[in-house]
Protein chains: 2
Amino acid sequence: MVKLVAVYRTPEDPAAFDKHYFETHVPLAKKMPGLIKCEIEKVVGSPMPSAETPYLAAHMYFANMDALKAAMASPEGKASAKDLMGFAGKYVRMHFTQVVEG
Amino acid sequence: MVKLVAVYRTPEDPAAFDKHYFETHVPLAKKMPGLIKCEIEKVVGSPMPSAETPYLAAHMYFANMDALKAAMASPEGKASAKDLMGFAGKYVRMHFTQVVEG
């Protein structure tokens, strides 16, 4: 299993961000073909008070890297990416991961 | 569901890090009471070539924040934290998250 992980830093207007994110962006992202699971988490604290923490993260699971890259290249993936860059381009960082346990 | 998330930046000696991490640290962390699931992922790339990406992340799932904090305060949690600080204190950042979808 592999993941496309999107990590967001705290936006200037969290309420407006959340509204667009959950009402518009997540439904678009969930249309990507091959998406097995989408887990979204909000950061609520840290055991390291001085640590810089993200605001929110999304974990999109795919069977393998071919499926992930096909999803990103699909019309649904491109629509999701376009929406993302429009409302959160300056807040988001993305990476690919291989699940090695769990 | 809540998570204790540990994110590691690339260590100076990845092979030595991996050996200690998978052979010693993960078995210790998995002894924490109340741990529901432990997912470990290795970063394998990014669609944003210029983005700083982590090296590895662990996602430890608990029923709620009380269970998570009890796990960290337990003898098993303290043993895991002590081991962590010994071999990876300068590489790791941790935060708590609330799973809001997925």
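What to note about this one:
- When chains A and B come together, the accessible area they lose, probed at 1.4 Å and totalled over both chains, is close to 2900 Å².
- Filter on A:Lys37/B:Lys30; A:Lys31/A:Lys78; A:Lys37/B:Lys90; A:Lys31/B:Lys3; B:Lys31/B:Lys82; B:Lys19/B:Lys90 - keep pairs with C-alpha separation over 22 Å: A:Lys37/B:Lys30; A:Lys37/B:Lys90; A:Lys31/B:Lys3
- Counting only alpha carbon atoms, the long axis of helix A:75-88 and the longest principal axis of chain A meet at about 10°.
- Only helices enter this figure: runs of n ≥ 4 DSSP H residues, each worth -39500 (n - 2.57), summed and divided by the residues of chain B, yield -9000 deg cm²/dmol at 222 nm to the nearest 500.
- P(r), alpha carbons of the range B:62-102 - 10 Å bins starting at zero, rounded %: 25, 46, 26, 3
- Stokes-Einstein D for the protein assembly as shown, Kirkwood Rh over Cα pairs, 25 °C, 0.890 mPa s (µm²/s): 139 µm²/s
- Whether chain B is rounded, prolate or oblate, judged on the alpha carbon gyration tensor where a/c under 1.5 counts as rounded: oblate
The values are calculated or read from the model by the stated rules, or taken from the named source; none is laboratory data. Since the model is a prediction, treat every value here as computed from it, not as a measurement. Keep in mind that these areas ignore ligands, DNA and RNA; they rest on the heavy atoms of the full protein, side chains included. Shrake-Rupley method; radii C 1.70, N 1.55, O 1.52, S 1.80 Å.
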